[in-house]
Amino acid sequence: MRIRPDASRRARLGFAALALAAPAQLPSPALAQDAPHLSVEGPAVVLTNVSFSLTLRTEDGENARYSVRSAGGRELASGELPIRTETSVDGLRAGRGDLPFTVRIDSDQGSASETVAAPQFPGWISLLPPLIAIALALIFRHVVVSLFFGIWLGGFFIAGLDPLAGLGRSVDTFIVPSLADADNASILIFSALLSAMVGVISRSGGTRGIVEAVRPLATTPRRAQLATFFAGVGIFFDDYANTLIVGNTFRPITDKLKVSREKLAYVVDSTAAPVVTIAFVSTWVGFEISLIRDGLRIAAEQTPDPALASALATASPFTVFLSSIPFLFYPILALLMVALVIVTQRDFGPMHGAEVRARTGGGVFRPGSQLMVNSEETGLDAPEGIPLRWYNAAIPVFTVVVVVLLGLYFDGRSAAGPASLWDTFGAADPFKAILWGSLAGCLVAIALATTQRILSLSQALDGWLAGIRAMTMGFVILTLAWSLGEVTSQLATAQYLTQILDGNLAPELVPVLTFATAAVVSFCTGTSWATMSILLPLVVPLIVALGGASGFETGAGGELLVSSISAVLAGSIFGDHCSPISDTTVLSSMASACDHMDHVRTQLPYALIVAVVAMLFGHIGTSYGLPPWVAYVLGVGVLLAAMRFVGRPVPARA
């Protein structure tokens, strides 16, 4: 999941106070009638001894100062409060008996105060909604019910353990804001438009045409999977576009050659975020560079060494990003693992059973599975007798890719001005570009079908609507996954995990422990971008303080610093990659028309073995002097051995 950390979305990331205003205390009669107004925004839930923030604002009063006191009168924070400016009071902690807090403002105009009272729970409570939802989904395979139960559990805690009020909070506090979010709405509309385009293509015979055109080349399951893999690597500029285009385009081909939907979803998912993470030009680059810049700035302000501080403050964040790419062990090894699985045609774990089922005539998806897209009896079949022309599918898909790339370039150019290509792409709004691309693809698909008189305009629009209807289940699950992510944000799950995993460390262990921390946080929250946003500003100053940036100022060191930055990025990708509540995982299931939990269960063993190899040879090995290229050689060797001795051959034919 990608969440841009701008000011309008601080509540979702936990950087500032969560947007639930604390109840205001009525002004005391003793206060002056023209006493200054004070508004306070506090957290929905306070976790015992876990840091949280308050946001204060006043509209009037000169020389205003604020103070925050516990229920026992102990002063927790104080400072100046500028007029008409939000002031964030960070780093507050509440022990048992400290609530409610009293926030007081004193100015030349008088005084005012408000109380901040919220339900208080032990920190481990924040882990229950995502973990229980994930466990229920894995055990019972009813993902909609499981996700909604996790959302209700979050509402139950926020409502002070009131089950009926928690049901209301599930809708008004979590589901509605998730749908109202502009970026989330963009993803839903993009998915709907792309699915609608596929509907028109299918009705016009383009899907069958491209299957017939590729048939001489993709004559075996291995070749079909390789074609899917190379398409996934080729669409490197955006993970959402990658997932939906590749899955929808190649599903008819892999179905024809009896490749399981689970395998297709794995290939699609494992070539989306990993390749976008390491690409020089993508919708992720600007975001990652901005976080690296902030981390370097914070570290420069905190280090006592003037030379090192100067080097950190003046270092190019893009250069540091380029230096981190060889240390992105999980994304790179994940791509290599996909290639090994395809070339060897061996599988292990639940994936082997899925592939054997598909090849031996048991169906490309499990009987009784809950498909994310209703690919059966959708009304998308082409009428008999129409010409099957491959370019009626290829041209709309190509249009989407070209328009998205051009949209990224021109939108980034208008935002960044004259700049390098990667800076231009980094400054672009990817959500605008993918919407433009999917709309253009729809218009081109309809135009091709109608101008060739394959379909009437009414028939083309029927196919367009049928494509949207086929995605209904996917939209529901995607919305619930976002809503559960909102639950983890308001319960400060990421902050709690980061706090309990923090401690005094040997600098050589920082990269591997950072990877593990990022993996756990992103798995439980379903978001890689928010995990990066939380951890990078913490990890960069930490590794500098522990001496991991020694030599960075002369250009002859700093490998641990670069490795730690890579560990945050890679660990965030791994956790997001495996999490059932991640939107990219849901989108992969949607694009592949696969049962969502079947996709998670079959992909997880592959992701875990790659993560273990990445930590062992990559983050631990290189921290103790192993060259990165040797780590990759050893890692690939272990993955090959796993495929040879653990994996079992999959029959090539039924």
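The values are calculated or read from the model by the stated rules, or taken from the named source; none is laboratory data. Nothing here was measured: the structure is a model prediction, and the numbers come from that model. As a convention, Cβ positions derive from the backbone with ideal geometry for all residues, glycine included, and neighbour counts pool all protein chains shown. Side chains included, ligands, DNA and RNA excluded: accessible areas come from the protein's heavy atoms. Shrake-Rupley method; radii C 1.70, N 1.55, O 1.52, S 1.80 Å.
For Kirkwood radius over Cα pairs in Å, the value computed from the atomic coordinates appears in the list (i) 34.1; (ii) 26.2; (iii) 27.4 under label (ii).
Rounded to whole numbers, the Karplus 3J(HN,Hα) couplings from phi for the range 144-155 are 5, 4, 5, 5, 5, 5, x, 5, 4, 4, x, x Hz, using 6.51 cos²θ - 1.76 cosθ + 1.60 with θ = phi - 60°, and x at Gly and Pro. Summing Cβ point charges (Lys, Arg +1; Asp, Glu -1) relative to the Cα centre of the chain gives a dipole of roughly 2560 debye. When the chain is described by a simple charge dipole with +1 on each Lys and Arg Cβ and -1 on each Asp and Glu Cβ, the residue from Leu408, Phe318, Leu478 located farthest towards its positive end is Leu478. Full extension of the chain between Ala652 and Val633 yields a length gain of 3.9 nm, computed as 0.36 nm times the residue separation minus the alpha carbon distance. Percent of C-alpha pairs per 10 Å bin in the range 524-606, short distances first: 18, 35, 23, 16, 8, 0.
For the range 560-654, chymotrypsin sites (Phe, Trp or Tyr not before Pro) are listed when DSSP marks them as loop and at most 11 other Cβ atoms sit within 10 Å of their Cβ; the list is Tyr624.
Summed over the residues of the chain and divided among them, the accessible surface reaches 38 Å² per residue at a probe radius of 1.4 Å.
For the range 177-193, putting each phi into the Karplus relation 6.51 cos²θ - 1.76 cosθ + 1.60 with θ = phi - 60° gives couplings of x, 5, 6, 6, 5, 4, 5, 5, 4, 4, 5, 5, 5, 4, 4, 5, 5 Hz, in residue order, rounded to whole numbers and with x for Gly and Pro.
Axis of helix 285-302 versus longest Cα principal axis of the chain: the two differ by about 30°, to the nearest ten degrees. Against the main long axis of the alpha-carbon atoms of the chain, helix 350-359 sits at an angle near 20°.
Sorted by packing (mean other beta-carbon atoms within 10 Å per residue), highest first, where do 147-153, 607-613, 83-89, 448-454 land?
Highest-to-lowest ranking by the protection proxy: 147-153, 607-613, 448-454, 83-89.
Bridging of Lys256 to aspartates and glutamates at a Cα separation below 13 Å is possible for Glu212, once same-chain residues fewer than 8 apart are set aside.
Output the 0 to 90 degree angle, nearest 10, between the alpha-carbon long axis of helix 391-416 and the longest principal axis computed from the alpha carbons of the chain. Value to nearest ten degrees: 30. Counting only aspartates and glutamates at least 8 places from Lys263 when in the same chain, those with an alpha carbon closer than 20 Å to its own are Asp239, Asp255, Asp347, Glu355, Glu376, Asp576, Asp583, Asp595, Asp598. Solvent-accessible area assigned to carbon and sulfur over the chain amounts to 63 percent, based on a 1.4 Å probe. With a ≥ b ≥ c the root eigenvalues of the C-alpha gyration tensor of the range 403-502, is it rounded (a/c under 1.5), prolate (a/b larger than b/c) or oblate? Oblate is the answer for the range 403-502, as a/c is 1.5 or above yet b/c matches or exceeds a/b.
Of the peptides 407-416, 392-401, the order by per-residue mean of other Cβ atoms within 10 Å, starting with the highest, comes out as 392-401, 407-416.
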